[in-house]
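Okay, so here's the structure we're looking at.
What follows draws every value from the coordinates through simple rules; no lab data is involved. Here the structure is a predicted model, which means the values were calculated and not measured. Ideal geometry is used to build each Cβ from the backbone, glycine not excepted, and the neighbour counts take in all protein chains shown.
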Amino acid sequence: MPTRHIISIGDFDRNDIDRLLDHAAQIDERNYDGNALCGKILAALFFEPSTRTRMSFESAMARLGGSVLSVGSVEACSMAKGETLADTIRVVSGYADAIVIRHPKEGAARLAAEFATVPVINAGDGAGQHPSQTLLDLYTIRQSMPIDGIDIAMVGDLRYGRTAHSLASALSLYNARLHTISPTGLELPANLAESLAEKGMEIIEHDDIRDVISTVDVLYVTRIQRERFPDSASYFNVASSYRITPELLADARDHLIVLHPLPRVDEIDPRVDDSPHARYFDQSRNGVPVRMAMLMQVLQ
Amino acid sequence: MNASASGENEGLLVRRIKNGTVIDHIDAGEALNVVKILGITGTTQEALSIATNVPSRNMGKKDIVKLSNRELSKEEVDRIALISPRATINIIRNFKVCEKKGVEIPTLIEGVVRCPNPGCISNTHEPIRTKFRVLPGGLHCCYCDWVINRDITGHII
């Protein structure tokens, strides 16, 4: 039987996604065996900083009775001595039953899967893929409404934001309509927009969030990174016009939900946190049942 | 290969080969890229003849590459389709054409073109060959999903 990896949301078809989300929902209702992965070891190879992804994978493994091996930091491991990722993966395959990897280079998880003898889960590779985030984003949407046919507005850095790319690709399987609102230079990459359009997705660009706030079902906000701008003044100027506030949400539909992969900086006013629209902390919490379902899929 | 413009001194500019491969009907101007895509360099051993901008009845102008004492494999032949899909391959044995075939666009190419994405893992010192799926929209990097949809020859390794 071939080793099962989870590298890209593009490797899933709609049935695969629905099945995994159904399983996550079952887990969420505490309907799971807490010893399902007893004796199994997950190697966590995080070559880039991570809080939510790393901790929720660790939590997921612990809740299923398994354990986690980690390298402390890039500086502390052999890659700092010039070892190739391929060699690191071959070695770690001998220590663990599965590997979860985050790496700054795009395609690193795909390479890891070629050299690993155990399943590999991609926890983010550069500006590339982040399938576990996409699955938990979809799961959070599904908790509030059926995913089919939704109108979703993606706001912020859509050029470098890998979570937005993966989610947009997955939503093309659900006949969603995509509205994009992003600063000049940070628009959805043309390649991706073309490929989504080929899959039949309708993509509508807007200049202002206010143009769509009363018509969309989901607002997906991403962080605009300060380093993309020449100076602080131009950053603050742009960032302030993409900020989600209670005043903006006053015109929203009752059922609109606001999602954010976190961490947020200034994109969402903290006063929104108590609004019934805010779902970003639920979204973060959903990382655990979704990642439990993913671990069970590759390890059982 | 071609006759002179005046019709005098009829004859071949490039001599016939006894054994090897003749790649004919290459799009005019692409012969050097065909040589490059086959990995033929100054340090390899093949005897090589190239004719460019040769008059052709069907193509107007074409290029021809002759390789002595080397028969190309199917995988090598199909690489040529990426830059010259009308090319034809003649396998020559003892001055006779023993096999004649067209080229087919491959579904996957390995180690032929470099990924233009500087952030791609294939542009590091990892022990891998570049890998691209050949799709209607262009060449898709199997590692980072980057698409090369123009100037393929500019990315040949």
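Rounded to two decimal places and with Rh computed the Kirkwood way over Cα pairs, what is Rg over Rh for the stretch B:1-153?
Rounded to two decimals, Rg/Rh equals 1.03.
Counting helices only, and only those DSSP H runs with n ≥ 4, report the 222 nm mean residue ellipticity of chain A as the sum of -39,500 (n - 2.57) divided by its residues, in deg cm²/dmol to the nearest 500.
-10500 deg cm²/dmol
Round to the nearest 10 and give me the degree value, 0 to 90, for the angle of helix A:287-299's Cα axis relative to the longest principal axis of chain A.
So the inclination is approximately 40 degrees.
Rounded to whole Å and ordered largest first, report the semi-axes of the equivalent ellipsoid of the stretch B:69-157 derived from its Cα gyration tensor (root of 5λ).
After diagonalising the Cα gyration tensor, the semi-axes are 30, 14, 9 Å.
If you add up the charges near A:PRO146, with Lys and Arg at +1 and Asp and Glu at -1, over every other residue whose beta carbon is less than 12 angstrom from its beta carbon, what do you get?
-2
Using alpha carbons only, what's the Rg to Rh ratio of the protein assembly as shown with Rh from Kirkwood?
Radius of gyration relative to Kirkwood radius: 1.08.
Within the P(r) computed for the stretch A:1-120, what percentage of the Cα pairs occupies the region above 24 Å?
Roughly 30 percent, rounded to a whole number.
Largest first and to the nearest Å, give the Cα extent of the stretch A:14-70 along each principal axis.
Dimensions of the stretch A:14-70 along the principal axes of its Cα atoms: 31, 27, 16 Å.
Measure out, as a whole number of angstrom, how far apart the alpha-carbon centroids of the stretch B:43-107 and the stretch A:119-177 sit.
Each part's Cα centre sits 47 Å from the other's.
Filter the trypsin sites (Lys or Arg not before Pro) in the stretch A:23-116 down to the DSSP loop ones having no more than 16 other Cβ atoms within 10 Å, then list what survives.
A:ARG30
Summarise the partner chain shielding of A:109-118 as one whole number: the mean count of Cβ atoms from other chains within 10 Å of each residue's Cβ.
Rounded to a whole number, the mean comes out at 3.
Looking at chain A only, what percent of DSSP beta bridges run antiparallel? Nearest 5 please.
Expressed as a percentage, antiparallel bridges in chain A total about 0.
Can you give the net charge of the other residues whose Cβ lies under 12 Å from the Cβ of A:ARG14, counting K and R as +1 and D and E as -1?
Here the charged neighbours net out to -2.
Counting only helical runs of four or more DSSP H residues, what would the 222 nm mean residue ellipticity of chain B come to if each run contributes -39,500 (n - 2.57) and the total is spread over all its residues?
Only helices count here, giving -2000 deg cm²/dmol.
Using only the C-alpha atoms of the stretch A:132-284, find the volume of their convex hull and express it per residue in Å³.
102 Å³
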